[in-house]
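Asker: One structure follows; several queries about it will come next.
The values are calculated or read from the model by the stated rules, or taken from the named source; none is laboratory data. The model shown is predicted, which means the values in this text are computed figures rather than measured ones. Cβ sites come from the backbone with ideal geometry, for glycine too, and all protein chains shown count toward neighbours. In case anyone asks, the SASA skips ligands and DNA or RNA and just uses the protein heavy atoms, side chains included. Shrake-Rupley method; radii C 1.70, N 1.55, O 1.52, S 1.80 Å.
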Amino acid sequence: MSTREDASKEATIVQLFSEIDRSTNQGDYNKALKSINKILKLNAQDFDAIHCKAISLIRLEKYQDALEFLTSNVPEDKLIAVKSYCLYRLNQWNEVLNLCKKYKGIENEEMGLRHLEAQAAYRMEEFSDALEIYYNILQKKDKKDDSYNDILTNFIAVKSALLFSGDQLNEKYTLADNVSSNSTFELAYNTACSMIAQGLLKQAENLLKTAKIICRKSLSQEDYSEKEIEQELATIIIQLAYVYQLQGRTNEAIDLYQSVIKSKAADMTVLAIASNNLVVARKENDVFDSARKLRAASAKTLETKLFKVQRQAIAINEALLSLYMHKYSVCQDTARKLLQIYPKNDYLYVLLSSIPYRQKKPTKAVQELQEYAQAKPTSLPINFALIQLQLLQTNIQGSITTLEKYLESLEDESARYQPALVGLLVWLYEKSGQSDKSVHVLEKAGSYSKSDVTSVQSSSILKQTAAFKLKAGRFSEAAQDYEQLVKANPEDSQALAGLIIAYSQYDVSLAEKYESSLATIKHSKNIDVDFLEKNIPGVKRYKKPDAKSDNMGKSSVKKRRKRKPLLPKNFDPNVPPDPERWLPKRERSSYKVKGKRKQQLMKGSQGVAVAGGGIGGTGSANIAGKSPNAGSPQQNVVNQPNQQELQSKPKSGGGDKNRKKKKKG
């Protein structure tokens, strides 16, 4: 090839590269690809053109095409970061980790590879490895560097995920999370997430509100559309609603969830989380709408975008919703399938035992929980669900046995003497009347806690022990415990007050000595101190009335005058009263019918017993001269009209007079 042709070819390539630059600046990567393909036709080995084509395909989200193109046109040790990024976007995280570890130490691509390695470890939920990588990158970065905030944002995101997973955070990773007005909204959001994981809900709420303000302000300045701004804000709003839900502000949380779901501006992942949380907030309300939302949240397209913990929560909520909808067989099948996937999740066993309880079979539910507790003796959810059901059945001794077995199964002594567990066991012993065992448990917990009184757990147990001894009248022992607490923390007003109460029972001088250490209470003039002292909560005081007040009380109450009973005029106490005196005259046996009424009663339909007719009510002849009135009781009942029949007849009141007479002839 001549020199002139080479020069013309080079000029064409330079012109095509300028067109590529213009197209990429305009965001038209399809047009850029056409120019790149022309360059590759002229020179298939042009490395810059190959690199540009791979980046253009990535920008067009054609990751598989980009990976195949790089594999066939680039040596194995070149463009490692670009290849790793394609694998990362194709969710092949294991391959990313292998590739990054294999080519670790390449100068030009070291930072990019470390970043991709951390991201792949994060997606594989290996949070400790990801945290270590980001920590090492931060140590090498200058805080004034533009990329420092981005690395710090990712570092805090990994730290939040680690805390949410339940793992312990190493002390060296506890960097100060300083968020200012100049910070990005991503940094504020991730810092709020880490605070939620630590239980600092109020600080998280304030940070999320700050993140909303920074997000709208910064994106508006960068000329983002309103739809794009709403999409970014949806993530922050959902997290704020989650904070409200944890704080017990359920109605506010539901309103925020529904606003995001109705707007449909959020990403599919955010909408799935919002739907799941909304179902949890509603509980047993609107179950059919909740079922529809959970179906959308458990779509297969979201499996790679959600963490294992999130997928597990959505699946369990779906089974729980079928329980609320009384689909017991569906709930049971779903729970058993989930146990094969998540065998360590003890809440699924509780869900299975709640099915017979919902079917009003509490005994069967207790039996199932007892079987699960034998298989998993260290399971807190199973054992406490069993204790709750036993208490609902007023089986206190059974609940004590369950709790004792659970505490014996714990190998860690510090877990065995947690204040909540000790308090529950003491309460159960008190309910069953075993006060001696309560004292024994508290003494054992107190002796364990005395080794480290400064810790919150130990001081809480020691306070419980001292309060119980004070209640039991063991004032000197209670004073010793309270004195130890006061020495450890002189500003503990609760321990100081308990010490004064204990000393006041047997040594007033010591009580007065410590009384000066109590903080003074500033009270207004409206507070009546005497009234407060007389009305101590839980203590009933009965004041003996004075003589004057007693007389005044007697005079104020009027005596009721006893009235004599009203008796009839011809009342004779020696004669027994008539047993038929409460019956109407017509129903009495002594009643005699007179006039036309007698003639009407003499008549009747065929078969009716007639008084004095010689034939009894049963159709048999009167024998041995018995009168018709001396018939059987059944006959008397038939002949006498009952009260209901008499009431149903119209009153006669002048009806005979108004009745029309028959005409003669």
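Asker: If you plug each phi of the stretch 560-571 into the Karplus form 6.51 cos²θ - 1.76 cosθ + 1.60 with θ = phi - 60°, what whole-Hz ³J(HN,Hα) values come out, in order, with x for Gly and Pro?
Answerer: Per-residue couplings from phi come out as 7, 7, 7, 8, 6, x, 7, 10, x, 5, 8, 6 Hz.
Asker: Bin by bin, in steps of 10 Å, what percent of the Cα pairs in the stretch 116-266 do you find, going until the bin that has the longest distance?
Answerer: The percentages, shortest bin first, are 11, 36, 37, 15, 1.
Asker: For the ranges 357-365, 210-218, 393-401, what's the packing order if you count other beta-carbon atoms within 10 Å of each residue, average per peptide, and put the highest first?
Answerer: 210-218, 393-401, 357-365
Asker: A further question follows. Take Lys592 and Gln221, extend 7 Å from each Cα along the Cα→Cβ direction, and tell me the distance between the two endpoints in nm.
Answerer: Between Lys592 and Gln221, the simple spin-label model gives 12.0 nm.
Asker: First measure r as the distance between the Cβ atoms of Asn251 and Glu19, then evaluate 1/(1 + (r/R0)^6) with R0 = 56 Å and state the FRET efficiency to the nearest 0.05. The partial results should precede the final answer.
Answerer: Values: r = 58 Å, r/R0 = 1.04.
According to the calculation, E is roughly 0.45.
Asker: Then there's this: Based on a Kirkwood Rh over C-alpha pairs, give the Stokes-Einstein translational diffusion coefficient of the stretch 191-342 at 4 °C and viscosity 1.567 mPa s in µm²/s.
Answerer: Here the translational diffusion coefficient equals 78 µm²/s.
Asker: For the stretch 142-158, take each phi angle, set θ = phi - 60°, evaluate the Karplus expression 6.51 cos²θ - 1.76 cosθ + 1.60, and give the result in whole Hz per residue in order, putting x for glycine and proline.
Answerer: So the J values, rounded to whole Hz, are 8, 5, 7, 5, 5, 7, 5, 5, 5, 5, 5, 4, 5, 4, 5, 5, 5.
Asker: How do 53-60, 410-417 rank on mean C-beta neighbours within 10 Å, highest first?
Answerer: On the way: 53-60: 19.6, 410-417: 13.0.
Sorting 53-60, 410-417 by mean packing, highest first, produces 53-60, 410-417.
Asker: Moving to a separate point now. Tabulate in residue order the Karplus-calculated ³J(HN,Hα) for the stretch 249-262, using 6.51 cos²θ - 1.76 cosθ + 1.60 with θ = phi - 60°, rounded to whole Hz; enter x for Gly and Pro.
Answerer: Going residue by residue, I get 8, 5, 5, 5, 5, 4, 4, 5, 4, 5, 5, 6, 5, 5 Hz, with x marking Gly and Pro.
Asker: Next question, about the same structure. For Glu371 and Glu110, what is the calculated FRET efficiency with R₀ set at 51 Å and r taken between the beta-carbons, to the nearest 0.05?
Answerer: 0.35
Asker: Which GluC sites (Glu not before Pro) in the stretch 17-95 pass both tests, a DSSP loop state and at most 14 other beta-carbon atoms within 10 Å?
Answerer: Working: sites: Glu19, Glu61, Glu68, Glu76, Glu95; in loops: Glu61, Glu76.
Loop-located and lightly packed - Glu61, Glu76.
Asker: Around Lys337, with a cut-off of 14 angstrom between Cβ atoms, what is the net charge of the other residues, counting Lys and Arg +1 and Asp and Glu -1?
Answerer: Neighbourhood net charge equals 0.
Asker: Taking R0 as 30 Å, what's the FRET efficiency between Gln64 and Lys101 from their Cβ-Cβ distance, rounded to 0.05?
Answerer: Computed FRET efficiency for Gln64 and Lys101 comes out at 0.80.
Asker: In the structure displayed, which of Lys564/Lys592; Lys102/Lys376; Lys104/Lys300; Lys305/Lys327; Lys83/Lys140; Lys364/Lys431 lie more than 32 Å apart, Cα to Cα? Mind showing how you got there, number by number?
Answerer: Working: Lys564/Lys592 35 Å; Lys102/Lys376 43 Å; Lys104/Lys300 35 Å; Lys305/Lys327 30 Å; Lys83/Lys140 25 Å; Lys364/Lys431 25 Å.
Over 32 Å Cα-Cα: Lys564/Lys592; Lys102/Lys376; Lys104/Lys300.
Asker: Using 0.36 nm per residue, how much length does the chain from Ile213 to Lys264 gain when fully extended, once their Cα-Cα distance is taken away? Don't skip to the end; give the middle numbers.
Answerer: Numbers: separation 51, 0.36 × 51 = 18.36 nm, distance 2.09 nm.
Length gained, Ile213 through Lys264: 16.3 nm.
Asker: Percentage of Cα-Cα pair distances in the stretch 33-118 greater than 19 Å, rounded to whole percent?
Answerer: 38 percent
Asker: Now, a different point. What percentage of the solvent-accessible surface of the stretch 209-273, computed with a 1.4 Å probe over protein heavy atoms, is contributed by carbon and sulfur atoms?
Answerer: 51 percent
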